[in-house]
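Presented below is the structure to which this report refers.
Every number in this text was worked out from the coordinates using simple rules, so none of it is lab data. The structure presented is a predicted model; accordingly, all values stated were derived computationally and were not measured. Virtual Cβ from ideal backbone geometry, glycine too; neighbours counted across all protein chains shown.
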Amino acid sequence: MGIKFISTGRYLPDKILTNFDLEKMVDTSDEWIRTRTGIIERRIAEESIATSDMVTFAAKKALKKGGLSPEDIDGIIVATVTPDNFYPATACWVQKQLGIKEFPAFDISIGCPGFLYGLIVAQGLLRTGECKRILLAGAETMSRVVNWDDRNTCVLFGDGAGVVILENSNDDSDILASNWGADGSLGHLLIQPAGGTRMPPTHETIDKKLHSVSMQGFEVFKHAVRWMAKSAGQALKNAKLTAQDIDVYVPHQANMRIIEATIERVGIPMEKTIITIDKYANVPDATIPLSLDWALEQGKIKRGDIVLMNTFGGGFSWASCIVRW
Ligand code: ACO
């Protein structure tokens, strides 16, 4: 029995923050951001909106597209590093907002690969019959956790949510292979230092902006290219496929130059690569489902296509999945 993506949905806040807007906030330029990252603009959530709200908006679109009602779902997984609260899980708030209950709802918090970690977990739940139809989301409200005075990080991120609905299928659609992993020895290179039990919130942690993203950009860049390429290669090997068999490549959208360097290593042409970083920036756990929904809308993914999804992020961690759409 295979696993099928029945439908997808995305939500992007209306507010657009351009590179030119950022020029007025920190010492940066449109030219620097565009050439170093490929980002032109990003979306910023309204103050009253939290991560679960964006997931719910995207979920309603995905349900509608799939001709489903909330009662047809019996599992919710939300991948996020910007949850509404430490607990309850953001997935539980989504369950409440959709007006459904009495089935598993939980978050995955690892970093940018959370959505693909969630896909691998969802696959197990569906194949064993634990769940029949899972709503899997990747969503972030990064604007609440970036230091808007730090030009090294604030220009990179955006807000948004993407949702996919998965179920067992009897046709050719399936998850063909995956690869995932982590190297915790490098966790300090990309971290939100304060707010947890290691460094609980104090006036000092707030004054020192330790509740914001802290990152050694060049190290992240270097490891991202290395591990995205290695993980994609391993997933291809597991699926007994080559790069030439891939119809559509959906990479994590952290930096255009990371994507360019990775496709060169993996052997995938730019024409097959989905790019959304220009308009949405890096929306960590959401970049893959946002890109999937956008690519489907543009007719760039069709039933039967072999799609490679590939990501890297905090932990450090990485994941790749190859699906027959
Ligand atoms: N505007 C202008 N100058 C800036 C800005 C900015 N927004 N940000 C940094 N700089 C400066 C730095 O202060 C530094 O100045 P200095 O040399 O005087 O100290 C200089 O630019 C660094 O320039 P480069 O070395 O050319 O920068 P680089 O090519 O490494 O690009 C970047 C930096 C964009 C952060 C890159 O390293 C990167 O994208 N890394 C990956 C980070 C990432 O994607 N993180 C997201 C989370 S993890 C993930 O999703 C995979």
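Here are a few things to note about the model shown:
- Sequence-separation-based contact order of the chain, relative, with Cα cut under 8 Å and 6+ spacing, percent: 26 percent
- Check: the range 217-270 dipole with +1 on Lys, Arg Cβ and -1 on Asp, Glu Cβ, in debye: 220 debye
- Residue among PHE86, PRO201, ALA122 farthest towards the positive dipole end of the chain, charges placed on Cβ: ALA122
- For the range 13-27, 3J(HN,Hα) per residue [Karplus equation, 6.51 cos²θ - 1.76 cosθ + 1.60, θ = phi - 60°, Hz, x = Gly/Pro]: x, 5, 6, 9, 10, 8, 4, 5, 4, 5, 4, 7, 9, 9, 6
- Pairwise Cα inverse-distance average, inverted: Kirkwood Rh of the chain (Å): 19.6 Å
- Separation of the alpha carbons by more than 30 angstrom is noted, of LYS237/LYS272; LYS60/LYS132; LYS209/LYS230; LYS60/LYS302, for LYS209/LYS230.
- Fraction of alpha-carbon pairs over 20 Å apart in the range 1-72 - percent: 53 percent
- Helical runs assigned H by DSSP (4 residues or longer) give the chain a calculated mean residue ellipticity at 222 nm of -10000 deg cm²/dmol, each run adding -39500 (n - 2.57) before division by the residue total.
- Taking the DSSP beta bridges with both ends in the chain, the antiparallel portion is around 75 percent.
- In this simple spin-label model, placing a label point 7 Å from the Cα along the Cα-to-Cβ direction at both ASP14 and ILE306 gives a separation of 4.4 nm.
- Where the Cα pairs of the range 47-186 fall when distances are cut into 5 Å bins, in %: 2, 10, 19, 21, 20, 13, 8, 5, 2, 0, 0
- Other-chain or far-sequence residues with amide H under 5 Å of LEU176's (modelled H): ILE322, VAL323, ARG324
- Over all pairs of different C-alpha atoms, the range 130-213 has a mean inverse distance whose reciprocal, the Kirkwood radius, equals 16.6 Å.
- Taking amide H atoms as placed 1.01 Å from N in the peptide plane, the amide H of THR82 lies under 5 Å from those of THR141, each 5 or more residues away in sequence or on another chain.
- Only Lys, Arg, Asp and Glu carry charge here, each on its Cβ (+1 for the first two, -1 for the last two); on that basis the range 221-325 has a dipole of about 340 debye about its Cα centre.
- Placing unit charges on the Cβ atoms only, positive for Lys and Arg and negative for Asp and Glu, gives the chain a dipole magnitude near 600 debye about its Cα centre.
- Shape category assigned to the range 207-301 from the gyration tensor of Cα positions, a/c cut at 1.5: oblate
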